1. What size of dipole, in debye to the nearest 20, comes out for the range B:5-127 about its Cα centre when the only charges are +1 on Lys and Arg C-beta atoms and -1 on Asp and Glu C-beta atoms?
2. Relative contact order for the range A:79-148: what is it in percent, counting Cα pairs under 8 Å that are at least 6 residues apart?
3. I'd like the FRET efficiency for A:Ile8 and A:Leu85, computed as 1/(1 + (r/R0)^6) with the beta carbon distance as r and R0 of 22 Å, rounded to 0.05.
4. In what order do A:Met355, A:Met300 fall by count of nearby beta-carbon atoms within 10 Å, going from fewest to most?
5. For A:Arg38 and A:Ile319, FRET efficiency with R0 = 35 Å and r from the beta-carbon atoms, rounded to 0.05?
6. Antiparallel as a % of all DSSP beta bridges within chain A, to the nearest 5?
7. Would you pull out the residues with amide H under 5 Å of B:Val50's amide H, same chain only if 5 or more places away, H placed 1.01 Å from N?
8. How big is the range A:435-507 along each principal axis, measuring the range of its Cα positions in Å and listing the largest first?
Amino acid sequence: MNHILLSIALYLHRSSSYKKTKQFARDLLFNSNNRYKRYFDMTIIFLVISSVFILVYEVKHPVPAWLDNYDIYFVSVVFAVEYLLRLWVHNDVSEMIIKEYNDANFLAKEFHLNLVIKKALSEKLKYMLTPSAIVDLLAILPAYRPLRILRVFILFRVFKLLRYTKSINQFVDVIVNKKFELLTLLFLLVFIVFTSGIGIYILEADKNPQIHTLFDGIYWAIVTISTVGYGDISPVTDVGRAISVLIILAGIAMISFVTSVIVSAFSEKLGELKEHRIIEQLNKNRSIIILCGYGQLTKMFFRQKREHPSNYLIMDKDINRVNAAIKDGYVAIQDDASSFQTLRKFDATHCEITMLCMTSSDVENIYITLNAKSISKKIKVISRVNDPENVNKFHYAGADELLLPHKVANTMIYTAITQPTMYKAIHAILTGKSIANIDEIHVHQSHGIVDMPIEALDFKSHKLLFIGIERNGAFIFNPPSSEVIQPFDVLLVMGRKISLEYFKSKHEGSINVG
Amino acid sequence: MSDKNIAIFGYGNHGRFIAKGLHEDGLRVTIVESDKTFYKEAKADGFEEVFLLDVTKDDALKKIDFAVFNKLVCVMDDEHLNVFLTLSLRSLFQDAYILSVSDSLNVTKKLKMAGANKVIDLYEVSANKIYNILEKPVATRLLENFANNREGITFREMVIPENSFVDGKMADDIDFASYGVLLVGMIDVELGHSFVFVTAGISHKLDSGDTIVCIGDKEKLKAFETLLSKKEN
């Protein structure tokens with residue numbers, strides 16, 4: 001028996017398809033970046049809602065048999081499969097066995113399969129006892145036909161929704177944070193309810209026709225303390241009334257106390273929740289820009305009369321600056337871009353992230369650059385460098401592009417001095433303000449102009465000036481007109497914006513026929 | 001380029017970097033400061049022509065003939081002082097070309113009103129550059145090289161001499177590409193003094209006295225300039 005189990009574990013350990021399947025199941029259930037998780041979630045939510053709808057409809061109307069079968073069997077089977085999947089991916093029994101076996105071999109001690117299996121199963125059992133697992137299990141139960149009472153458990157399916165809606169999870173998180181305060185209050189509540197319930201029972205059980213049992217007393221206490229006051233049971237003696245006055249006052253105090261605890265917990269967490277939402281929304285995009293620091297440069301960046309980047313986020317350590325940014329109408333959060341935790345929240349594997357380090361401190365910028373690069377090499381970093389002496393350090397840190405405000409100014413002053421006529425032209429070209437835009441056309445594989453010679457493109461009639469091609473990192477200036485365009489070339493072209501756009505749209509993606 | 005003279009007012013936060021950069025670019029830099037510590041730092045950094053003046057006093061400014069400089073660059077740390085200085089320089093030297101550096105939008109306006117010929121807003125140009133890097137990385141990098149005059153391909157402006165072979169011809173009729181240069185734009189004297197890009201879509205008649213701006217390899221540009229002065233070829 002031991003032998004068989006061990007060889008099964010070994011087989012699973014070696015099987016890559018088993019691991020792949022398990023990883024896929026895990027992704028599907030937990031990884032919010034998984035492509036299919038959304039569909040999976042939506043299916044489950046649909047099943048829950050339809051099932052509850054049928055339950056409600058059934059009360060007054062006859063339900064067709066197929067609908068009933070759908071509800072009882074199909075939904076339950078799906079839920080059962082989901083439950084088993086969750087149980088399955090919770091831990092790796094086979095891995096535990098192998099590890100234990102290897103360790104035992106290594107230490108030359110006896111290998112106890114029973115112990116490992118016990119340990120693995122106890123972990124599974126622990127999972128089964130978590131509230132969400134219990135809800136999952138209860139949601140399957142209505143499938144058992146003979147016990148109609150189990151139909152009510154369909155309501156537990158609603159609880160399943162909790163898992164699939166994030167806002168409720170966050171609500172629960174907030175409540176859990178205030179566990180101590182709430183538990184203290186709950187204890188006090190239970191104490192008051194029981195003492196006054198017992199009190200009224202002792203005092204009035206023989207005088208009040210409505211109170212027969214201790215349960216009646218406690219029920220009355222709860223109805224009164226909650227200020228609901230149905231009035232089906234009311235005290236008849238003066239002492240009983242005195243007790244009700246006391247617990248009504250206690251109830252009002254306690255309700256306001258609980259409310260304030262929850263509200264304060266929320267206001268404490270509100271910033272974090274908002275931040276979470278913003279980052280989550282951002283991560284859905286294909287490319288995002290993170291601006292670190294809300295200083296002069298960032299302000300100027302947004303004041304340019306150009307299209308604003310849509311998927312951006314401003315991050316600053318200083319809450320005052322963050323508030324200023326929000327006041328100016330931008331999306332901003334207070335967070336430290338130089339912290340690993342912060343940047344890890346962004347999905348670097350699926351989106352193209354561009355970090356703009358625009359703080360006025362070089363130390364800060366270098367740190368952010370390093371931090372971003374340590375998360376993923378794929379993150380593109382454009383960093384501001386204030387002191388030219390630090391340029392090398394930024395290169396070592398891995399910044400993709402450097403921006404030296406003083407150097408840019410230098411270039412302009414230099415041009416203004418050496419080429420006065422050109423100055424305006426170069427300035428116009430560099431800032432892209434005037435009719436002379438220099439733009440690049442990236443040629444991809446399916447681009448219509450691939451394999452065409454330059455003369456066939458007829459830049460002149462498009463009122464464009466063709467300057468050259470960048471190919472494999474080298475720039476070919478003014479290539480001969482017989483030169484053929486290759487895939488992945490970058491064409492450098494100058495002209496008015498509309499001419500450029502017209503040219504691009506004319507050739508974009510069209511398949512070159514003939 | 002040692003014949004190009006510039007005076008930089010201010011050796012503070014921005015001034016020092018601009019001064020060093022321009023010095024590396026081969027320009028003759030003269031520094032004027034009103035602050036003693038900055039003055040000493042400028043000296044310590046190896047600048048020879050450093051003056052310590054109270055820039056708020058006209059008499060002090062008059063002592064040096066700033067008219068001999070090609071450009072006066074105002075980069076005082078104190079923005080109030082910078083505006084005041086620009087104003088003083090303008091009133092003292094009407095013909096001087098004053099270039100002021102600002103680091104915020106409000107100051108830019110004031111400097112312009114004070115009479116600066118050109119105001120460079122540090123953060124504006126930088127912000128622009130970020131946009132360019134984001135939108136067109138290749139073009140930005142290449143253009144930087146062209147403008148910086150450091151690599152093979154660059155811009156050059158040339159005046160069409162009299163009796164040039166292009167004199168009287170339409171710009172479209174001349175095949176610049178065959179000379180290894182490209183025509184970017186021109187100042188057509190007939191049409192006033194504004195710069196017109198070729199891509200505006202109007203064919204211009206080239207006359208002697210017009211300034212044309214070409215892009216191309218440095219050597220080819222030089223060769224083309226000498227060729228321009230020839231008659232028919």
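Derivation of every value follows stated rules applied to the coordinates shown; laboratory data play no part. Treat the numbers as computed from the prediction; the structure is a model and nothing was measured. Every residue, glycine among them, receives a Cβ derived from its backbone with ideal geometry; neighbour counts consider all protein chains shown.
1. Details: 15 positive and 19 negative charges, 51 e Å.
Its charge dipole is roughly 240 debye.
2. Values: 33 pairs, mean separation 29.9, N = 70.
The value is 43 percent.
3. Numbers: r = 20 Å, r/R0 = 0.89.
The computed FRET efficiency comes out at 0.65.
4. Numbers: A:Met355 28, A:Met300 23.
Ordered from fewest to most neighbouring Cβ atoms within 10 Å, A:Met355, A:Met300 come out as A:Met300, A:Met355.
5. Values: r = 34 Å, r/R0 = 0.99.
Efficiency, rounded to the nearest 0.05: 0.50.
6. On the way: 17 of 37 bridges.
Restricted to chain A, the bridges split so that about 45 percent are antiparallel.
7. For B:Val50, whose amide H was placed from the backbone, the distant partners under 5 Å are B:Ile31.
8. Largest to smallest, the principal-axis extents are 29, 23, 20 Å.
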